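Have a look at the structure below, then the notes.
The values are calculated or read from the model by the stated rules, or taken from the named source; none is laboratory data. This is a predicted model, so every value here is computed, not measured. Note that each Cβ is placed from the backbone with ideal geometry, even for glycine, and that neighbours are counted across all protein chains shown.
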Amino acid sequence: MFSLQTFTLEVKTTAGTDILDLTAQVKEEVRRTGLASGLLTLFIAGSTAALTTIEYESGVVNDLKAAIERLFPRDLTYAHDARWGDGNGYSHVRAAFLKPSLSVPIEDGRPLLGTWQQIVLMDFDNRPRQRQIKGQVMGIKPSNA
């Protein structure tokens with residue numbers, strides 16, 4: 001039988017470029033659905049954060065932060081800052097390029113991730129935030145359920 005289930009993850013962030021591992025929380029939410037196979041979609045509402053996958057270890061996390069800074073430097077002049085004065089123009093540009101959503105197949109009741117692949121939230125804003133990540137799992141229950 002086809003099912004659609006929704007969940008919300010709550011995450012607090014700092015005023016830096018946070019890269020936070022959501023994998024354990026996401027896996028638990030998928031497990032709770034009881035679905036055997038299907039598709040997981042995650043979405044972060046807001047224009048200064050994004051979702052992706054990486055190998056979540058300090059070297060890769062630091063490399064990703066450095067690459068983001070090289071591509072979208074914090075210290076450039078941004079028209080958004082001139083208009084609004086909030087100093088987070090860089091965070092809007094970063095989030096636009098890195099995207100607010102992520103889809104992952106579900107197989108055997110778990111997100112189909114590679115051995116070294118984790119789901120991460122990247123928050124680029126220049127102030128602490130309380131973030132909500134919405135998740136939807138669409139799929140089928142096991143035949144014995």
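Values computed for the structure shown
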{"item": "Residue pairs meeting the criteria (Cβ under 8 Å; at least 6 apart or on separate chains; first within 11 Å of Ile19 (Cβ to Cβ), in the range 53-71; second at pLDDT below 95)", "result": "Lys65/Thr17; Ile68/Thr17"}
{"item": "Only listed residue being surrounded by fewer than 17 Cβ atoms within 10 Å (Cβ to Cβ) and in contact with a helix residue (DSSP H, G or I) (Cβ under 9 Å, 6 or more places away or on another chain), chosen from Ala67, Ala79", "result": "Ala79"}
{"item": "Selected residue (criterion: surrounded by the fewest Cβ atoms within 10 Å (Cβ to Cβ)) from residues of the range 82-93 that are small (Gly, Ala, Ser) and out of contact with any strand residue (DSSP E or B) (no Cβ under 9 Å at 6 or more places or on another chain)", "result": "Gly85"}
{"item": "Identity of the residue in the range 85-143, assigned to a loop (DSSP other than H, G, I, E, B) and hydroxyl-bearing (Ser, Thr, Tyr), that ends up farthest from the chain's Cα centre (by Cα)", "result": "Ser143"}
{"item": "Among (1) at pLDDT 95 or above; (2) more than 16 Å from Leu9 (Cβ to Cβ); (3) polar (S, T, N, Q) - the single one Thr41 does not satisfy", "result": "(2)"}
{"item": "Among (1) within 16 Å of Ile119 (Cα to Cα); (2) of a type in the set (A, V, I, L, M); (3) touching a residue at least 12 places away in the same chain (Cβ under 8 Å), the one test that Ala36 misses", "result": "(1)"}
{"item": "Given (1) under 11 Å from the mean Cα position of the chain (by Cα); (2) at negative phi, index of the condition Asp63 fails", "result": "(1)"}
{"item": "Filter result (hydroxyl-bearing (Ser, Thr, Tyr) and in contact with a Lys or Arg (Cβ under 7 Å, 6 or more places away or on another chain)) within the range 7-37", "result": "Thr8, Thr13, Thr17"}
{"item": "Top-ranked residue in the range 102-142 [being charged (D, E, K, R) and under 24 Å from Asn62 (Cα atoms); ranked as surrounded by the fewest Cβ atoms within 10 Å (Cβ to Cβ)]", "result": "Arg127"}
